[in-house]
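What follows is one structure encoded as structure tokens, with my remarks underneath.
The values are calculated or read from the model by the stated rules, or taken from the named source; none is laboratory data. A quick note: this is a predicted structure, and the numbers were derived from the prediction, not measured. Quick reminder, even Gly has a Cβ in these numbers, built from the backbone with ideal geometry, and neighbours come from all protein chains shown. Protein only, heavy atoms only, side chains kept; ligands, DNA and RNA dropped before computing areas. Shrake-Rupley method; radii C 1.70, N 1.55, O 1.52, S 1.80 Å.
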Amino acid sequence: MTVSVDEGAVVWSHEGRLDGRMLVVLLHGYGQDEHAMAPVTEALASGSGFVTASLRGLRESREPLPGGRGWYDVDAEIQPEGGQENETAEAVLAWLHAVPAERGTPSAVAVVGFSQGGALALHLLRHDPERFAATVMLAGIWLPGSVDGDARLAALRRRVFWGRSEHDFAIAPHLVARTEAALDGTVDLTHRVYPGDSHALLPDELADVAAYLTRELAAP
């Protein structure tokens, strides 16, 4: 199955050209759609020069969250099926590669994802670590397997913000531990843990993300 980003479904915060502005790509969670990341756009609204582009998942979501969209199908352990995570990553990167011809070249590109979108955000970074000035993973995980860009990512130590609830009910502790181990020594990590057991975009977390991106995208 060949997948691609539906350009007509992308929700842009700004309809003009990107030249000299900072592009933040938003990736929603499983069973959601491109409108679910509106709180991130709102949190970044006061930032100077941010343009957000919220993408729609490339596949229909299945049980237990049917009726929405997702980035890849998962098994009972929320692990990707059939290499779909790599196919999706390549499709999103192809869309991003085409953006300058359509809208101009941004000054920097960041990606923010929630839940499955957070896992994909980190997977995009692993595929193309040179592409992203900052990566934000909220309530996501490091996906299993190796990617061609992993060695380059470890050498480059790209900037990553990882935010999560302390006892997130949707993510098993061993997946959190795997993610911690994978990120340790691989990226320039900012890790924030918030009290509670929710699996959601948290107000304090969104404020931290806005401050982080403002700082990191302005950094040389």
Select from segment 48-58 the residues that are surrounded by 16 or more Cβ atoms within 10 Å (Cβ to Cβ) and touching a Ser or Thr at 6+ places or on another chain (Cβ under 8 Å) and write down the one among them that is farthest from Gly113 (Cα to Cα).
Gly49
Tell me which residues, restricted to segment 1-35, are not in a loop (DSSP other than H, G, I, E, B) and not small (Gly, Ala, Ser).
Glu7, Val11, Trp12, Met22, Leu23, Val24, Val25, Leu26, Leu27, Gln32
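Are any of the residues in segment 86-95 modelled with pLDDT under 95 and either open to solvent by less than 30 Å² (accessible area, probe 1.4 Å) or among the small types (Gly, Ala, Ser) (or both)? Don't jump to the end; show me each part of the working.
Start the filter on segment 86-95 by keeping residues that are modelled with pLDDT under 95, which leaves none.
No: segment 86-95 contains no residue that is modelled with pLDDT under 95 and either open to solvent by less than 30 Å² (accessible area, probe 1.4 Å) or among the small types (Gly, Ala, Ser) (or both).
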Does Leu65 qualify as being farther than 30 Å from Gly145 by Cβ, part of a loop (DSSP other than H, G, I, E, B) and either in contact (Cβ under 8 Å) with a residue 12 or more places away in the chain or open to solvent by 10 Å² or more (accessible area, probe 1.4 Å) (or both)?
no
Subset of segment 10-38 [surrounded by fewer than 21 Cβ atoms within 10 Å (Cβ to Cβ), in contact with a Leu (Cβ under 9 Å, 6 or more places away or on another chain) and closer than 19 Å to Leu217 by Cβ]
Ser13
Among (1) touching a residue at least 60 places away in the same chain (Cβ under 8 Å); (2) out of contact with any Phe, Trp or Tyr (no Cβ under 6 Å at 6 or more places or on another chain); (3) of a type in the set (S, T, N, Q) - the single one Thr135 does not satisfy
(1)
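With the requirement that a residue be of a type in the set (Asp, Glu) and closer than 15 Å to Ser4 by Cβ, what does segment 61-87 give you?
In the first step, residues of segment 61-87 are kept if they are of a type in the set (Asp, Glu); the result is 63, 73, 75, 77, 81, 85, 87.
Hit for segment 61-87 is Glu87, nothing else.
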Candidate set from segment 110-158 (those that are of a type in the set (S, T, N, Q) and over 17 Å from Arg59 (Cβ atoms)); member that is surrounded by the fewest Cβ atoms within 10 Å (Cβ to Cβ):
Ser146
Would you pick out the residues in segment 159-182 that are buried (at least 20 other Cβ atoms within 10 Å of the Cβ) and over 19 Å from His123 (Cα atoms)?
Ser165, Asp168
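Does Gly113 meet the test of being touching a helix residue (DSSP H, G or I) at 6+ places or on another chain (Cβ under 7 Å) and under 23 Å from Leu201 (Cβ atoms)?
Values: touching a helix residue (DSSP H, G or I) at 6+ places or on another chain (Cβ under 7 Å): yes; under 23 Å from Leu201 (Cβ atoms): yes.
For Gly113, the condition - touching a helix residue (DSSP H, G or I) at 6+ places or on another chain (Cβ under 7 Å) and under 23 Å from Leu201 (Cβ atoms) - is met.
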Restricted to segment 96-105, and to residues that are closer than 23 Å to Asp33 by Cβ and open to solvent by less than 60 Å² (accessible area, probe 1.4 Å), which residue is nearest to the chain's Cα centre (by Cα)?
Leu96
